[in-house]
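Each remark here refers to the structure printed beneath this line.
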Amino acid sequence: MTKAFEAIVVGARCAGAPTAMLLARKGYRVLLVDRATFPSDTVSTHLVHPLGVRALAEWGLLERLAATGCPPIHTYRFDFGAFTISGWPGTDDAPVAFCPRRTILDKLLVDAAAEAGAEVREGFAVDEILIDDGRVVGIKGRSKEGSSSIERADVVVGADGRQSAVAKAVRAEQYDEKPPLLAAYYTYWSGLPMDGRFENYIRDSRGFAVMPTHDELTLIIAGWPYAEFEDNKKDIEGNYLKTIELAPSFADRLRGAKREARFVGAAVPNYFRKPNGRGWVLVGDAGYNRDFITAQGIMDAFHDAELCAAALDNSFSGARRFEDAMADYQRTRDGRVKAMYDFTCQLATLEPPPPEMQQLFAAVHGKQKAMDGFARMNAGTISPAAFFAPENVNAIMAA
Ligand SMILES: Cc1cc2nc3c(=O)[nH]c(=O)nc-3n(C[C@H](O)[C@H](O)[C@H](O)COP(=O)(O)OP(=O)(O)OC[C@H]3O[C@@H](n4cnc5c(N)ncnc54)[C@H](O)[C@@H]3O)c2cc1C
């Protein structure tokens, strides 16, 4: 029996929509489904680091994003209280970051998948992953109007986020797991100009980050250790503002601003999942999640989409066995993110860094090349493994 689709992608945001788009651009028959309709928001702040922006440029979508009036971000600033590190996170071919509202970014990605030829079904909830003799063969789902349907494909791609139904159905193996480490809340402010800067304030057991987004609004996210989650939930606004008061000069700036939205909060677990098996693949948060403190998720989802679509193309075209192409996908994904995963999990504890790291950061302060390196490392432009490599550390300490 001819299957209607080579791939069904469940989840149509940062991981799923680009995966569907890239496969459809290669001529494959793709069904992209999401229970959400677009535009719609999701619980996430939305800094897209320069290499994520570069992916949008390579896909021909950056001009569309720039046309939405999203302000570019050219500087990342880290205020440790005793000193500040301020640097350029980008590269010559990916000079800036953006912080687009998910209502705008995700809609743009879904539209691009449809334009590429993917069949897009919004408001379609997947209830069941169909498995035949140990192999995933399709999905059963429901439209918003309540009509149920079954669709079959060679491969079902789980791009369905942390609670992935695909990962659950196939019991995807989890490894290198860590529990939630940080609890954070964010909201949007008007009257708080940022002039192209993403600012971070790091204090004892507390931190907050500030970034400009659409509509001349500025997003501030503030967090504390997960152990305080339950207690601090009783007074979210009070704890959020107390955290900001730990940086008095910024708190002064905030006094002239107005809060424009309600508080949204989250705490997330950290894990890798084996991203493939017979008839299935995982991309984005469905396959790998790290705390949001380093804002890597959207860029990682874009990288996954590229790697996964290339691996599926190799397999569909007969160039490589599915298992081999997918083993490479997993190896490349894990190799690229592992050092950042460990760095992220350490930061998310909000514990003071070890003394030698504190000395290094103090030495970085004031040296522009080292500060750019620090900003690039936090942006995921270079790996923490490269930044903390002995030759780089020695060069910074000696300078
Ligand atoms: C508080 C917070 C702040 C963050 N800040 C940043 C940041 O600043 N920068 C950054 O890069 N990342 C950030 N992240 C991470 C980022 O949100 C994720 O990494 C990113 O959204 C992953 O995209 P995704 O497509 O894998 O999954 P998601 O965005 O979770 O999308 C999954 C989609 O699957 C759909 N779906 C799920 N189940 C089904 C089903 N059964 N049937 C149909 N559809 C289904 C959902 O409706 C959803 O639309 C943050 C996360 C949090 C929680």
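The values are calculated or read from the model by the stated rules, or taken from the named source; none is laboratory data. Because the structure is a prediction, the values reported are computed rather than measured. With ideal geometry, Cβ positions are generated from the backbone for all residues, glycine too; neighbour counts draw on all protein chains shown. Keep in mind that these areas ignore ligands, DNA and RNA; they rest on the heavy atoms of the full protein, side chains included. Shrake-Rupley method; radii C 1.70, N 1.55, O 1.52, S 1.80 Å.
Phi-derived couplings, Karplus 6.51 cos²θ - 1.76 cosθ + 1.60 at θ = phi - 60°, listed residue by residue for segment 76-89: 10, 10, 10, 9, 9, x, 6, 7, 10, 10, 10, x, 9, x Hz, with x used for Gly and Pro.
Summarising the amide proton neighbourhood of residue 124: residues at separation of 5 or more, or on other chains, whose placed amide H is nearer than 5 Å comprise 34, 35, 36.
Amide H contacts of residue 270 (H built 1.01 Å from N, in plane; Pro and chain starts excluded): 178 sit under 5 Å, all sequence-distant by 5 or more or on other chains. Less than 5 angstrom separates the built amide H of residue 382 from those of 377, all sequence-distant by 5 or more or on a different chain. Dipole check for segment 262-368: with +1 at the C-beta of Lys and Arg, -1 at the C-beta of Asp and Glu, and the Cα centre as origin, the magnitude is about 120 Debye. Across segment 259-273, rounded Karplus estimates of 3J(HN,Hα) from the backbone phi angles (6.51 cos²θ - 1.76 cosθ + 1.60, θ = phi - 60°) give 6, 10, 8, 7, 7, 10, x, 7, 8, 10, x, 10, 6, 10, 10 Hz, Gly and Pro being marked x. With the full set of protein chains in place, find how many percent of the accessible area of segment 1-74 is carbon and sulfur; take the probe as 1.4 Å. Summing carbon and sulfur atoms, their accessible area is 52 percent of the total for segment 1-74. If you bin every alpha carbon distance in segment 110-150 into 10 Å steps from zero, what whole percent lands in each bin? Percent of pairs per bin, in order: 27, 37, 32, 3. Only the Cβ atoms of Lys and Arg (+1) and of Asp and Glu (-1) were treated as charged; on that basis the dipole of the chain about its Cα centre amounts to roughly 240 debye. Across all Cα atoms of segment 219-307, the radius of gyration (one decimal) and Dmax (whole number) stand at 17.7, 57 Å. Expressed as a whole percent, the accessible area of segment 227-335 that falls on carbon and sulfur atoms is 50 (1.4 Å probe). Going by alpha carbons, how many degrees (0 to 90, nearest 10) lie between the helix axis of 322-348 and the longest principal axis of the chain? Roughly 20 degrees, rounded to the nearest 10. Relative to the dominant Cα principal axis of the chain, helix 297-316 is inclined by about 30°. Normalising the Debye intensity of segment 81-187 to I(0), with uniform scatterers on Cα atoms only, and taking log10 at q = 0.16, 0.21 Å⁻¹ returns -1.06, -1.27.
Remark: the chain projects, on average over all directions, an area of 20.1 nm² (convex hull of Cα atoms).
Of the residues 130, 246, 208, the one whose Cα sits farthest towards the positive end of the charge dipole of segment 93-248 is 246 (charges of +1 on Lys and Arg Cβ, -1 on Asp and Glu Cβ, taken about the Cα centre).
What the chain shows is 42 Å² of accessible area per residue, with the surface traced by a 1.4 Å probe over protein heavy atoms.
Evaluating 6.51 cos²θ - 1.76 cosθ + 1.60 at θ = phi - 60° for every residue in segment 371-379, the Karplus couplings come out as 5, 4, x, 5, 5, 5, 5, 5, 7 Hz, glycine and proline recorded as x. A simple charge model with +1 on the Cβ of Lys and Arg, -1 on the Cβ of Asp and Glu and nothing else charged puts the dipole of segment 44-96 at about 140 debye relative to its Cα centre.
For segment 316-399, the calculated P(r), taken from all Cα-Cα distances in 5 Å bins from zero up to the bin holding the longest distance, is 3, 12, 19, 20, 14, 9, 7, 6, 5, 4, 1 percent. Within a straight-line Cα-Cα reach of under 19 Å, residue 338 can be paired with the following lysines, leaving aside sequence neighbours fewer than 8 residues apart in one chain: 178, 274. The alpha carbon centroids of segment 217-255 and segment 344-365 are separated by 21 Å. Build a GNM of the chain with springs between Cα atoms under 10 Å apart, and of 264, 157, 48 the one that fluctuates most is 264. Considering only 249, 148, 190, the mean-square fluctuation computed in a Gaussian network model of the chain, springs between alpha carbons under 10 angstrom, is largest for 249.
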